[in-house]
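Written below as structure tokens is the structure these notes are about.
The values are calculated or read from the model by the stated rules, or taken from the named source; none is laboratory data. Note that the structure is predicted; figures quoted are calculated from it, not measured. Virtual Cβ from ideal backbone geometry, glycine too; neighbours counted across all protein chains shown. Just the protein is used for accessible areas: all its heavy atoms, side chains included, with ligands, DNA and RNA removed. Shrake-Rupley method; radii C 1.70, N 1.55, O 1.52, S 1.80 Å.
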Amino acid sequence: SQFDRAMQAQRQPGSSFKPFVYAAALDNGYTPASKVLDGPFEKDMGPGQGIWRPENFEKGNYLGETTLRRGLELSRNLMTVRLADTIGMNKVVPYAIRFGVYDKLSPLLANSLGAGDTTLIRLVTGYSEFVNGGKKISPSLVDRIQDRNGHTIWRHDARDCEGCNDASWHGQQEPLLADTREQIIDPRTAYQIVSMLQGVVQRGTGVSVAAVGKPLAGKTGTSQDAQSTWFIGFSPDLAAGVYVGFDNPRTLGAREQGATVAAPIFRDFMKGALADQPPTPFREPPGIEEVSIDYHTGDPVPAGTPGAIMEAFKSGSAPGENDAPLP
């Protein structure tokens, strides 16, 4: 087939879009420990459009008020919709565009749940920009082109490197390459999303991936009627994505989801890809404060308390340090 499904297949990303909603929230007054209601939600969509009543995958099951971290780890649709409605889709959409997931996206609330079509390579690129500290990436299939004599006539990396072509070493310093990539998000926000996505693997819908035994993070996704299932994730140095679906979209089955279909494929790929690599922790940027909190309540607790986790806060934003009402 000449059809490249990674680059050409337009699919609904479902819940794999949610990290971009949560990133917008973290830049607008929320922390991973902020609470949002997981409960019934309805929205009047305007004249002639009726009332929209989204549901969690586990219909009729609600957690009540719970933390953003737990909502993302467990992929709660109603929390995500309520969060997007509160901060405004006009603040969410620029993140999806800035990360390259879309060229344009309507600020419809349903798009917070990944209703708008995109491609696998765009989603993997977006996730890569989280794990590399919020730096812009331009995906490419070709790194360099050489002529018949071995001379480079084009390269994807357009940075200048003074001294890289010196013929000999005579005590000079190694050349330093300037990082000219655009900073598209606060690196602290990027790290908070990475930390929350690591929780998806440790405790959430992507727990099957934990069998790799190395630091990994990612997010499941299931589109409407399970026509596409996803897992997009990364180690500190390698990002990868999987979607499973028919070329002519139709359901994979009423109970199929990213956790059961795509995540095991990602797990098996990463087992092979990282087999010879040592476990590497995710890189924490300056300005992050790790605080022990209760996983369910988000309240500070002494380290080592049963049910406690270490949460990543931007300096000065941990519970009790500089409490301010959410917008």
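A few notes on this one:
- Positive end of the dipole of the range 207-288 (Cβ unit charges, origin at the Cα centre): among VAL212, LEU238, PHE266, the Cα lying farthest that way belongs to VAL212.
- Accessible-area rank, largest first, for ILE87, ILE51: ILE51, ILE87, with all protein chains present and a 1.4 angstrom probe.
- Dipole axis of the chain (+1 Lys, Arg; -1 Asp, Glu on Cβ), positive-most option in GLY316, GLY39, SER292: GLY39
- Using Cβ point charges alone (K and R +1, D and E -1), the dipole size of the chain about the Cα centre works out to roughly 760 debye.
- By accessible area with a 1.4 Å probe, ligands and nucleic acids excluded, highest first: order of ARG188, ARG144, ARG255: ARG255, ARG144, ARG188
- Once the C-beta distance of GLU290 and TYR62 is scaled by a Förster radius of 30 Å, the resulting FRET efficiency is 0.50 to the nearest 0.05.
- Top of ASN61, ASN77, ASN248 by mean-square fluctuation, Gaussian network on the chain, Cα under 10 Å: ASN248
- Cα gyration tensor, the range 165-246 - rounded (a/c under 1.5), prolate or oblate: prolate
- Scalar couplings 3J(HN,Hα) for the range 216-233, obtained by applying the Karplus form with A = 6.51, B = -1.76, C = 1.60 to θ = phi - 60°, are 9, 9, x, 8, 7, x, 9, 7, 3, 6, 6, 7, 9, 10, 9, 8, 10, x Hz; x denotes Gly and Pro.
- Karplus-derived 3J(HN,Hα) values for the range 70-78, using 6.51 cos²θ - 1.76 cosθ + 1.60 with θ = phi - 60°, are 5, x, 6, 4, 9, 6, 7, 4, 5 Hz; glycine and proline are entered as x.
- Kirkwood analysis of the Cα pair distances in the range 235-284 returns a hydrodynamic radius of 13.0 Å.
- Remark: accessible surface ordering of TRP52, TRP154 (largest first) is TRP154, TRP52, probe radius 1.4 Å.
- Under 5 Å, built H, 5+ apart or other chain: amide partners of ASP38: LEU63, GLY64, GLU65, THR66
- Summed over all non-identical Cα pairs, the Kirkwood treatment of the range 123-165 gives a radius of 12.6 Å.
- Per the Debye calculation on the chain with a single equal scatterer at every Cα and no solvent contribution, log₁₀ I(q)/I(0) for q = 0.14 Å⁻¹ amounts to -1.14.
- Highest-fluctuation residue, LEU177, LEU37, LEU74 considered, GNM on the chain with Cα pairs under 10 Å: LEU177
- Stokes-Einstein D (µm²/s) once Rh is taken as the Kirkwood radius of the range 13-95 over alpha-carbon pairs, at 37 °C in 0.692 mPa s: 251
- For the range 34-181, the dipole from Cβ point charges (+1 on Lys and Arg, -1 on Asp and Glu) about the Cα centre works out to 340 debye, to the nearest 20.
- Ellipticity estimate at 222 nm from DSSP helix runs (n ≥ 4, -39,500 (n - 2.57)) divided over the chain, nearest 500: -7000 deg cm²/dmol
- Percent RCO, i.e. relative contact order, over the range 21-66, from Cα pairs under 8 Å lying at least 6 residues apart: 39
- Under 21 Å from LYS18, Cα to Cα: lysines that are on another chain or at least 8 residues apart: LYS35, LYS43, LYS59, LYS91, LYS104, LYS135, LYS136, LYS219, LYS314
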